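The values are calculated or read from the model by the stated rules, or taken from the named source; none is laboratory data. Model, not experiment: these values are computed from the prediction. Neighbour counts are summed over all protein chains in view; Cβ atoms, including those assigned to glycine, are modelled from backbone coordinates with ideal geometry.
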Amino acid sequence: MKIYFIRHSESKDDLINCYGGASDWDLTENGAKKVEKFRPKFEKFNIQKIYVSPLKRAYKTAEILNKKTNLPIEKVFDLHETNHYGFLTGLEKNLAKELFAYLLEKPEYQNASYYNRKSMPGGETADELDKRVKCVLKNIIKSSKDLDTIAIVTHGGVLRSIFSTILKEKRKILDIKDVACAEVENNKGKFTVKQTDGFVFEK
């Protein structure tokens with residue numbers, strides 16, 4: 001089975017400098033244009049089904065990609081972005097720093113990230129994310145056993161977990177661009193990354 005992992009495009013929280021995470025932001029107009037630009041390439045992948053996060057920015061990305069192919073799209077709850085930011089989710093970053101400086105200045109909350117295995121208070125831990133992602137991917141593969149090629153449209157946090165825990169990528173992902181795409185071959189549980197576009201790895 002071939003799997004195309006695709007990150008959603010630019011969303012409105014990117015423009016207003018908010019902690020996005022598990023908050024449900026829609027695509028920007030520019031974000032939708034980026035998906036349209038990628039769509040002709042997507043249409044050549046011969047995908048048979050799309051699995052997608054229920055959050056607007058991911059689902060809208062899948063809808064635009066699917067304009068002409070009219071493939072079945074299935075929303076999968078556990079493909080949603082990680083709630084890494086906890087109580088800060090959805091807040092404008094400068095305002096959050098003003099309101100919660102007393103917390104954000106604590107050493108245990110500085111440099112919180114997936115690779116540091118730290119999250120903000122009330123957030124999903126990296127271990128919880130990894131467990132969720134392993135389970136959801138296993139279920140998607142099982143339900144797609146009669147298909148040759150599928151697409152999974154999801155988020156940066158989920159993709160970092162997939163690369164780290166399932167694809168066994170040792171390098172950290174420094175950035176994942178809008179509509180980034182990774183082509184992965186799954187042969188009886190053995191995963192091979194064929195190519196990536198829009199993923200920036202540490203050297």
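Structure data summary
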{"quantity": "Hits in the stretch 42-94 (condition: free of Cβ contacts under 8 Å to residues at least 12 places away in the same chain and in contact with a strand residue (DSSP E or B) (Cβ under 9 Å, 6 or more places away or on another chain))", "calculated": "GLU63"}
{"quantity": "Residues located in the stretch 6-32, provided they are under 18 Å from ASN83 (Cβ atoms) and either in a loop (DSSP other than H, G, I, E, B) or among the hydrophobic types (A, V, I, L, M, F, W, C) (or both)", "calculated": "HIS8, CYS18, TYR19, GLY20, GLY21, ALA22, SER23, ASP24, TRP25"}
{"quantity": "Test for PRO107: is it farther than 26 Å from ASP197 by Cα, surrounded by fewer than 19 Cβ atoms within 10 Å (Cβ to Cβ), free of Cβ contacts under 8 Å to residues at least 60 places away in the same chain and touching a Gly at 6+ places or on another chain (Cβ under 9 Å)", "calculated": "no"}
{"quantity": "Output for the stretch 58-97, where each listed residue is among the charged types (D, E, K, R) and surrounded by fewer than 23 Cβ atoms within 10 Å (Cβ to Cβ)", "calculated": "LYS60, GLU63, LYS67, LYS68, GLU74, LYS75, ASP78, GLU92, LYS93, LYS97"}
{"quantity": "Hits in the stretch 169-186 - residues which are in contact (Cβ under 8 Å) with a residue 12 or more places away in the chain, surrounded by fewer than 20 Cβ atoms within 10 Å (Cβ to Cβ) and out of contact with any helix residue (DSSP H, G or I) (no Cβ under 6 Å at 6 or more places or on another chain)", "calculated": "ARG171, LYS172, LEU174, ASP175, LYS177, GLU183, GLU185, ASN186"}
{"quantity": "Subset tally (residues that are modelled with pLDDT under 95, among the aliphatic types (A, V, I, L, M) and not in a helix (DSSP H, G or I)) for the stretch 67-107", "calculated": "1"}
{"quantity": "Some residue of the stretch 126-145 being hydrophobic (A, V, I, L, M, F, W, C), in a loop (DSSP other than H, G, I, E, B) and either at pLDDT below 95 or surrounded by 13 or more Cβ atoms within 10 Å (Cβ to Cβ) (or both)", "calculated": "no"}
